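No lab work stands behind these numbers, since they all come straight from the coordinates. This structure is a prediction, so every number in the text was calculated from the model and none was measured. As a convention, Cβ positions derive from the backbone with ideal geometry for all residues, glycine included, and neighbour counts pool all protein chains shown.
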Amino acid sequence: MSDVIYMDNNATTRVADEVREAMAPYLAKAYGNPSSVHTFGGRIAHDVDRARQQVADLLGCDPTEVVFTSCGTESDNTAIRSALAVYPARRHVVTSRVEHPAVRNLALRLARGEGVLPRYRHTELPVNSDGTLDLPDVGNALDDDTAVCSIMWANNETGVVFPVERIGAMCRETGVLFHTDAVQAVGKIPMTLADLPIDMLSVSGHKLHAPKGIGALYVRRGCRFSPWLIGGHQEAERRGGTEAVAQIVALGAAAELAGRRIDEERTRVVALRDRLERELLARCPDARVNGTTASRLPNTTNISFEYIEGESILLMLDEYGICASSGSACTTGSLEPSHVLRAMGVPYTAAHGSVRFSLSVENTDADVDKVIEVLPPIIKRLRELSPFGREE
Ligand code: PLP
């Protein structure tokens, strides 16, 4: 797999060598249970504490505010369900149209009254054509019946960054709990949660060079909280279940690594992304960037190549070992454009031909050169074959 050019880091990342080395002992000799009374298990509790501190350092919060979970999805679900549980009389939730399914599908279920929870009123805030929210819409949506407002920090498909500080301030003014899904932002955008009006924030390990199966939820000290997984006393009663020590240690190591690399994300990675984008737009007619370029993650570009299918582009890139992803909901087996691009009103012919490149510090100039070399001829060839081809 060494000749793969991997530009799909918003889907998942490679486990960093240092992270794999840090977790390895816990899959071998150090297999104890951190809750055990004996020294063999008990000393592992210190390693869990160290990992909690490493995550807290990246987030700029206190370690007691970090709850380990199994993934970003669990963190999102826990945060929203907790808010509903602590405010049982409130029956309204606010999200945006571009949330990840981990938030969006839960909110849609609540709106339909499916599952064990009662029916909720749901305001799904629209985004404009550049993928951003109109802030007054947020203020207008919040009322004293709102249990939680959950708006992502950065969008996984377009990289668009949302003004979470201002949204959080609006929530605080109206006494509404504010949760943000920061799965794509953590490690790419510096943050000091101690200074921000955010009540809960979701993290996912596999987006920042830790393995899959580990996440975290930041719960601000003083924020009312109700656990979702009920069990033992782990995580200070906030999440039952024996700690996944190897994964927790891995997330700690990955957080520390991300802290060291964050400046590189914002300088070298952004330069790679910008060159890739600039050259592709210059070499491919009828191509456009989806989402504002004013406030974006440093590593992401989402480009629509009109009149062709994103899936076909991906298949042809795959022949060169280039990994990217498309804006079609291929995960559902359909070729419908993604809910994010639809929410932005991207025209059908453009939404279908969208490709997301998401880079990481592991990408090189040579990777970008290769994509710039092979993609324009692919676009040209597909357009010649396309039944929707442009009339020249
Ligand atoms: N939120 C966002 C914005 C994501 O991009 C993802 C994963 O793609 C998730 C949540 C879910 O994270 P996980 O895969 O750890 O459950």
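Only DSSP H runs of four or more residues enter the estimate; each adds -39500 (n - 2.57), and after division by the residues of the chain the mean residue ellipticity at 222 nm equals -11500 deg cm²/dmol.
Were the residues from THR192 through GLU373 laid out at 0.36 nm apart, the gain over their Cα-Cα distance would be 61.1 nm. Taking all Cα pairs closer than 8 Å and separated by 6 or more residues, the relative contact order of the chain comes to 22 percent. Computed about the Cα centre, the dipole magnitude for the chain is approximately 840 debye when only Lys and Arg (+1) and Asp and Glu (-1) carry charge, each at its Cβ. Does a label point 7 Å from the Cα of ASP62, set along Cα-to-beta-carbon, have any residues of region 189-212 with amide nitrogen under 17 Å, and which are they? Counting backbone N atoms under 17 Å from the label point, the list is 192-201.
Computed over region 110-251, the alpha-carbon pair-distance distribution with 5 angstrom bins reads 2, 8, 15, 18, 20, 18, 11, 5, 1, 0, each value a whole percent.
So how much slack lies between LYS212 and VAL116, counting 0.36 nm per residue of separation and subtracting their Cα-Cα distance, in nm? Roughly 31.8 nm would be gained on extension. Apply 1/(1 + (r/R0)^6) to the Cβ-Cβ distance of ALA169 and LYS29, taking R0 = 51 Å, and write down the FRET efficiency to the nearest 0.05. According to the calculation, E is roughly 0.55. Return P(r) of region 17-176 (all Cα-Cα pairs; 10 Å bins starting at 0; whole %; ordered from short to long distances). With a bin width of 10 Å, the distribution comes to 9, 30, 29, 18, 12, 1. Using all C-alpha to C-alpha distances in region 120-189, build P(r) with 5 Å bins and read off the rounded percent in each one. It works out to 3, 16, 29, 24, 17, 9, 2, in whole percents. Here the translational diffusion coefficient of the chain follows from Stokes-Einstein with Rh set to the Kirkwood radius across Cα pairs; for 25 °C and 0.890 mPa s it amounts to 112 µm²/s. Available extension along the chain between GLU336 and SER295 is 12.1 nm, counting 0.36 nm per residue and deducting the alpha carbon span.
Looking at the chain only, what percent of DSSP beta bridges run antiparallel? Nearest 5 please. Percent antiparallel among DSSP bridges in the chain is about 55.
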